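The values are calculated or read from the model by the stated rules, or taken from the named source; none is laboratory data. Quick caveat: nothing in here was measured; it's all calculated off a predicted structure. In this analysis, Cβ positions are derived from the backbone assuming ideal geometry, glycine residues included, and neighbour counts consider all displayed protein chains. Just so you know, the surface numbers come from the protein's heavy atoms only, side chains and all, with ligands and any DNA or RNA stripped out. Shrake-Rupley method; radii C 1.70, N 1.55, O 1.52, S 1.80 Å.
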Amino acid sequence: MTAPATPRRSATAWARHHLFRTVGDSVLTVVATVILGYVVYRFANFVLVTGRWEIVRANLSLFMVGLYDRDELWRPALALIVAGALGGLVAGVVHRRQSDAGAIDEVAPAERLRDLASRLWPAIIGVLTLLMLAQTITPWLIVGATLVAAVVMRLVGRLLPRRALGPVVTLVLVTPFVMVWLMAQGTGWDEWGGLTLNLFLAALSIVLCFPLGVLLALGRRAKLPLIRAVSTGYIELFRGVPLIVLLFMVNNTLQFFVPDRFAPSSVVRAIVVFTLFTAAYVAEIVRGGLQSVPRGQVEAGQALGMSPVRITVLIVLPQALRNVIPALVGQFISLFKDTTLAGAAMGFLELLRTAEAVTSFPDFSGQGLIAETLVFVTFVFWVGSYTMSRESQRLEKKLGVGTR
Amino acid sequence: MSEDVFADATQVAGTGEVMIELEGVDKFFDDFQALRDINLRIGRQEVVVVIGPSGSGKSTMIRCINRLEEHDAGRIVVDGTTLSDDIRNIQEIRRETGMVFQQFNLFPHLTVLDNITLAPRKVRKLPKAEADQLGRDLLEQVKIPEQAEKFPGQLSGGQQQRVAIARSLAMRPKVMLFDEPTSALDPEMINEVLETMKDLATEGMTMIVVTHEMGFAREVADRVVFMADGQIVEVGTPEHFFTDPSEPRTQEFLSQIL
């Protein structure tokens, strides 16, 4: 061990330097500490002592799956387990490819667990909280089965040969749709609710809006004036309208434009709105990314005799998208949170409206328990959003943004 | 263009067979005329070095040959194919002409090997195994076989430029265009790139090199082209050029840099 370059200062010295350097500093420190301490105390007191969490406990399944047919709950449970398995499979394949390329060092399982915990702690805390609120053993079993499926499939993924990549990609693309179909067989998606609905709306809209947004971004830079005008018009139209107004419109005024017979169900309408709306924002983000790729990259591709499409797909887009991961994920997080607007504007019983609805149930009505349910919903959204944010930062690092 | 210069510019060295022909080429950037009545022939296996002050149109001229810039008048013929507006024709010519840029322009998201094999695989439809073998052979040729799996950002400037040369060679071009290949390099890395280019010249590659490296011009060039203000001012062998230049503009330029 070598001695540290700068000697560690004692805690008192540190505090004096950073917190009590001048009279003004000292006053600020004391006042801020008191206010912060009071707020934290009140909040902790609420969460741990006075909060009546039985309202969440009793209605947990409503928060999670809404009015999904209680006899068919094996379907969402199976979907969750399959999602875990898929995640594990992808992680395994990625791991295999990276270790083949010599990009990662093998580490001991204990260390791997510690890495995973420090990476996913918000999600872990979230799931544990939900499990603590559960009143039966079943949720524990489902989460356990999901974890087992993930671990097993990760091992499988590591053992798969390179040429299995094609089938794996197909599987990853197809399975989610199969799972949605499977779940819709139990209860039609117009009856879905709770967190399931928020996740479904967000996930499907993200998957659909991303390619549309990329096409719009490319369209806005196209040589043909017509394509450029259409793309620009679309983007500016949708960016100029509040999302909630669009949701109200498809809910209330669609019959003026589309005969009832052809009018899609409300979940489909919501997904269409989220997709079209977010695509406009994704397009602007991607356009920024496209502009960040130096002209020389295109010229290098041209000089090699590559076609404009190949240059875009193989050279420009990968670099452009890599540069805008943070902004893209930010947009997707917004979308996830904005799914609550669909509840407000279209009457879905998603997470936020469930929080409101349960307070008027006979057992709890008139007891002012809205704080408990809102804090719970806030927590669930925070876990989801923060996990996405952290994973995007990790992806960014992995893809080496900022290293040219 | 005077008749003497025209004669020098169109009298090719090398095998005597004409590989590239520019005939009365003009190029405008808005109102600014970047090229004025360029006439030049380059023979098969000939090495032509283009020198001149900055802004004289050297880069623009070679960038017109593979249509990175569009010329406004005149005719450009590469190995018997006349450059037209048809994108297929342009891509045809680009496949036959390799280009090395001042800023390397390697693809930062791909490994060195993938940088080299991308175009052969996607344009020439070479199977992956074959392309990889080709890539490794080329890396051997530019003397950095051990860097195949790295990313461009992890390499020195000289190494990056050698990868860029290998990437161009992977398309098996008939002509190589070099656009100031050593101008962005640290001094100690210039030689490794010039050596690679000399090897290429020795193997009989047809080359047009825009450069400020007079040593390279003297040693390797069959002919030296001097450009100023968008015109070809003088063309000659290195001996003629560096010992007894005839045009006052050339003499002035050489006196400034030598």
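For the segment B:58-66, counting C-beta atoms of other chains within 10 Å of every residue's C-beta and taking the mean gives 1. Taking a ≥ b ≥ c as the square roots of the eigenvalues of the Cα gyration tensor of the range A:117-196, is the shape rounded (a/c under 1.5), prolate (a/b larger than b/c) or oblate? Cα axes put the range A:117-196 in the oblate bin. The separation of the range A:107-145 from the range B:80-95, counted between C-alpha centres, amounts to 60 Å. Largest GNM mean-square fluctuation among A:Tyr38, A:Tyr234, A:Tyr68, using chain A with Cα springs under 10 Å: A:Tyr38.
Averaging the Cα positions of each part gives two centres, and for the range B:161-192 and the range A:39-65 these lie 66 Å apart. Pairs exceeding 32 Å between alpha-carbon atoms, taken from B:Lys125/B:Lys198; A:Lys223/B:Lys150; B:Lys122/B:Lys143; B:Lys58/B:Lys174: A:Lys223/B:Lys150.
In chain B, the calculated helix contribution to ellipticity at 222 nm averages -12000 deg cm²/dmol per residue, counting -39,500 (n - 2.57) for every DSSP H run with n ≥ 4. What's the total accessible area buried between chains A and B, using a 1.4 Å probe, rounded to the nearest 100 Å²? For A against B, buried area totals roughly 1900 Å². Each Lys and Arg contributes +1 and each Asp and Glu -1, all at the Cβ; summed about the Cα centre of the protein assembly as shown, the dipole is approximately 3000 debye. A viscosity of 1.306 mPa s and a temperature of 10 °C, combined with the Kirkwood radius over C-alpha pairs in the Stokes-Einstein formula, give the range A:236-287 a diffusion coefficient of 135 µm²/s.
Let me make sure I get this right: for chain A, a, b and c are the square roots of the gyration tensor eigenvalues over alpha carbons, sorted descending. Under 1.5 in a/c it's rounded, otherwise prolate if a/b > b/c, else oblate. Which is it?
The shape class here is rounded.
Cβ under 12 Å from A:Tyr68's Cβ, A:Tyr68 left aside: what net charge do those residues give with Lys, Arg +1 and Asp, Glu -1? In short, -3. For the peptides A:74-86, A:270-282, residues were scored by their other Cβ atoms within 10 Å and the scores averaged per peptide; the highest-first order is A:270-282, A:74-86.
Using the Kyte-Doolittle scale, find the helices of chain A whose mean hydropathy is at least 1.6 and whose Cα atoms extend 27 Å or more along the helix's long axis, counting only whole DSSP H runs.
A:165-186, A:194-220
Basic side chains Lys and Arg get +1 at the Cβ, acidic Asp and Glu get -1 at the Cβ, and with that the dipole of the range A:188-404 about its Cα centre reaches some 1280 debye.
Annotation note: GluC sites (Glu not before Pro) in the range A:280-373 located in DSSP loop regions with a Cβ neighbour count of at most 10 within 10 Å are absent. Exposed loop sites were defined as GluC sites (Glu not before Pro) in DSSP loop states (anything but H, G, I, E or B) carrying at most 15 other C-beta atoms within 10 Å; in chain B the longest segment without such a site runs B:71-148.
Does the range A:69-186 come out rounded, prolate or oblate, given a ≥ b ≥ c as the square roots of the eigenvalues of its C-alpha gyration tensor, rounded meaning a/c under 1.5 and, failing that, prolate meaning a/b above b/c? Oblate, because a/c is 1.5 or more while a/b does not exceed b/c. Sorting A:243-255, A:309-321 by average packing, meaning the other beta carbons within 10 Å per residue, from highest down gives A:309-321, A:243-255. Of the residues B:Lys128, B:Lys27, B:Lys150, the one with the largest accessible area comes first in the ranking B:Lys128, B:Lys150, B:Lys27, computed with a 1.4 Å probe on protein heavy atoms. If you take the Cα centroid of the range B:22-48 and the Cα centroid of the range A:282-361, the two points sit 45 Å apart. Springs between Cα atoms under 10 Å define the GNM used for chain A, and in it the highest mean-square fluctuation of A:Asp71, A:Asp115, A:Asp25 occurs at A:Asp25. For peptide B:105-117, the mean count of partner chain Cβ atoms within 10 Å of a residue's Cβ comes to 4.
Rounded to the nearest 500, the helix-only mean residue ellipticity at 222 nm of chain A stands at -24500 deg cm²/dmol, with each DSSP H run of n ≥ 4 adding -39,500 (n - 2.57).
With a 10 Å cut-off around each Cβ of A:291-303, the average count of Cβ atoms from other chains is 6.
Largest GNM mean-square fluctuation across A:Ala108, A:Ala357, A:Ala44, computed for chain A with C-alpha springs under 10 Å, falls on A:Ala108.
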